[in-house]
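Student: Below is the structure I would like to discuss, written out as structure tokens.
The values are calculated or read from the model by the stated rules, or taken from the named source; none is laboratory data. Predicted, not measured: the structure shown is a model, and the values here were computed from it. Note: ideal-geometry Cβ built from the backbone for every residue, glycine included; neighbour counts use all protein chains shown.
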Amino acid sequence: MRCATVERKTNETDIKLTLNLDGGNILIDTGIGFFDHMLNSFATHGRFGLKLTVKGDLNVDEHHTIEDTGIVLGKAFAKAIGDKTKIERFGSFYVPMDEALAFASVDISGRPFLVFDADFPQDKCGGYDCAMTVEFMRAFAYNAQITLHLKSLYGDNSHHITEALYKSCAHALRLAVKQNTLNSLLSTKGVL
């Protein structure tokens, strides 16, 4: 089973996370309602099992909680994917949410990179600062060791734009982690 548990405790956050790439229960508590909603959407649309508890310094703001969750989720993803054999490696997906449309493309390459192109008409969704979306995705991509491109093509509602980005990322990852019948890496180099 492609599963990983990662725990990380700092002076700012205390995080316990279990990720199962092949499905399972979804139980999320970060202390930030909208972020919980986004991570629930991410796990549901990726068809991942995700158990996550975060105790963060929300008395300061949500930055440490969101970024550190991206770090831990990325580390768990890299651990769960293992040596990258027998996976499709690439995935791309569009997600419409009412007036908004987002696109994600991923390469599970071992080469961390993020391209992020999105504007948010409203600064906040509940207690979630929309500017934290890029911080989460950057922390996730770099710690997962993946190349991730995310783009909001258009939209008027920051809730819809943000949710479409999380969902498109999840669907692209679902396609990329799909197991295939090859007994080797999907690479002309033979190594990633």
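Student: Restricting to the range 104-152, name every residue that is of a type in the set (F, W, Y) and touching a Phe, Trp or Tyr at 6+ places or on another chain (Cβ under 7 Å). If you could, list the steps in order and put the result at the bottom.
Tutor: So the first thing to find is which residues in the range 104-152 are of a type in the set (F, W, Y), and the list is 113, 116, 120, 128, 136, 140, 142.
Scanning the range 104-152 gives a single hit, Y128.
Student: Could you list all residues from the range 113-140 that are under 26 Å from E88 (Cβ atoms) and in contact with a Lys or Arg (Cβ under 9 Å, 6 or more places away or on another chain)?
Tutor: L114, V115, F116, D117, A118
Student: Continuing with this model, one more query. How many residues are at negative phi, surrounded by 15 or more Cβ atoms within 10 Å (Cβ to Cβ) and not basic (K, R) when one looks only at the range 15-31? Even if it seems obvious, please write down each step before you answer.
Tutor: Let us first name the residues in the range 15-31 that are at negative phi, namely 15-22, 25-30.
Adding the requirement that they be surrounded by 15 or more Cβ atoms within 10 Å (Cβ to Cβ) leaves 15-21, 26, 28, 30.
Retained after the next criterion (residues that are not basic (K, R)): 15, 17-21, 26, 28, 30.
Here the count works out to 9.
Student: Kindly indicate whether any position in the range 153-163 is free of Cβ contacts under 8 Å to residues at least 60 places away in the same chain, over 30 Å from D57 (Cβ atoms) and among the hydrophobic types (A, V, I, L, M, F, W, C).
Tutor: yes
Student: What are the residues in the range 14-32 that are part of a strand (DSSP E or B) and within 16 Å of K75 (Cα to Cα), if any? Walk me through how you get there before you give the answer.
Tutor: Residues of the range 14-32 part of a strand (DSSP E or B): 14-20, 26-29.
Once the filter is applied, which keeps residues that are part of a strand (DSSP E or B) and within 16 Å of K75 (Cα to Cα), the range 14-32 yields D14, I15, K16, L17, T18, L19, N20.
Student: Being over 14 Å from the mean Cα position of the chain (by Cα) and within 12 Å of K151 (Cβ to Cβ) is the filter; apply it to the range 94-106 and report the residue that is surrounded by the fewest Cβ atoms within 10 Å (Cβ to Cβ). Steps first, please.
Tutor: Taking the range 94-106 as the starting set, the residues that turn out to be over 14 Å from the mean Cα position of the chain (by Cα) are 94-102.
Checking the rest, the ones that are also within 12 Å of K151 (Cβ to Cβ) come to 94-95, 100-102.
Values: Y94: 16, V95: 22, A100: 22, L101: 18, A102: 27.
Selected residue: Y94.
Student: Got a sec? Which of A80, A118 is surrounded by 19 or more Cβ atoms within 10 Å (Cβ to Cβ), touching a strand residue (DSSP E or B) at 6+ places or on another chain (Cβ under 8 Å) and under 17 Å from M38 (Cα atoms)? Please lay out each step first, then the result.
Tutor: Details: A80 fails: under 17 Å from M38 (Cα atoms).
Just a single option satisfies the conditions, and that option is A118.
Student: Looking at this structure, is T44 surrounded by 21 or more Cβ atoms within 10 Å (Cβ to Cβ) and in contact (Cβ under 8 Å) with a residue 12 or more places away in the chain? Outline the logic, then answer.
Tutor: Values: surrounded by 21 or more Cβ atoms within 10 Å (Cβ to Cβ): no; in contact (Cβ under 8 Å) with a residue 12 or more places away in the chain: yes.
No.
Student: I need the full set of residues from the range 43-75 which are more than 11 Å from the chain's Cα centre (by Cα) and among the small types (G, A, S), in order please.
Tutor: Correct list: G49, G56.
Student: What number of residues within the range 151-192 are modelled with pLDDT under 90, part of a loop (DSSP other than H, G, I, E, B) and not aliphatic (A, V, I, L, M)?
Tutor: Initially, the range 151-192 is screened for residues modelled with pLDDT under 90, giving 179-192.
Remaining after also requiring part of a loop (DSSP other than H, G, I, E, B): 180-192.
Restricting the remaining residues to those that are not aliphatic (A, V, I, L, M) gives 180-181, 183-184, 187-190.
Of the residues in that region, 8 qualify.
Every residue, every condition in (1) of a type in the set (G, A, S); (2) under 24 Å from V177 (Cβ atoms); (3) touching a Ser or Thr at 6+ places or on another chain (Cβ under 6 Å); (4) assigned to a strand (DSSP E or B), yes or no:
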{"position": "F34", "(1), (2), (3), (4)": "no, no, no, no"}
{"position": "M38", "(1), (2), (3), (4)": "no, yes, no, no"}
{"position": "K51", "(1), (2), (3), (4)": "no, yes, yes, yes"}
{"position": "L73", "(1), (2), (3), (4)": "no, yes, no, no"}
{"position": "A76", "(1), (2), (3), (4)": "yes, yes, no, no"}
{"position": "K79", "(1), (2), (3), (4)": "no, yes, no, no"}
{"position": "S92", "(1), (2), (3), (4)": "yes, yes, yes, yes"}
{"position": "F140", "(1), (2), (3), (4)": "no, yes, no, no"}
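Student: Oh, and also: Somewhere in the range 50-61, is a residue in contact (Cβ under 8 Å) with a residue 40 or more places away in the chain and more than 20 Å from C125 (Cβ to Cβ)?
Tutor: The answer is yes, given that some residue of the range 50-61 is in contact (Cβ under 8 Å) with a residue 40 or more places away in the chain and more than 20 Å from C125 (Cβ to Cβ).
Student: OK, next. Pairs please, first residue from the range 110-139 and without any contact (Cβ under 8 Å) to a residue 24 or more places away in the chain, second anywhere and buried (at least 16 other Cβ atoms within 10 Å of the Cβ), Cβ atoms under 9 Å, 6+ apart in sequence or on different chains.
Tutor: A131/F120; V134/L114; V134/F116; V134/A118; V134/L150
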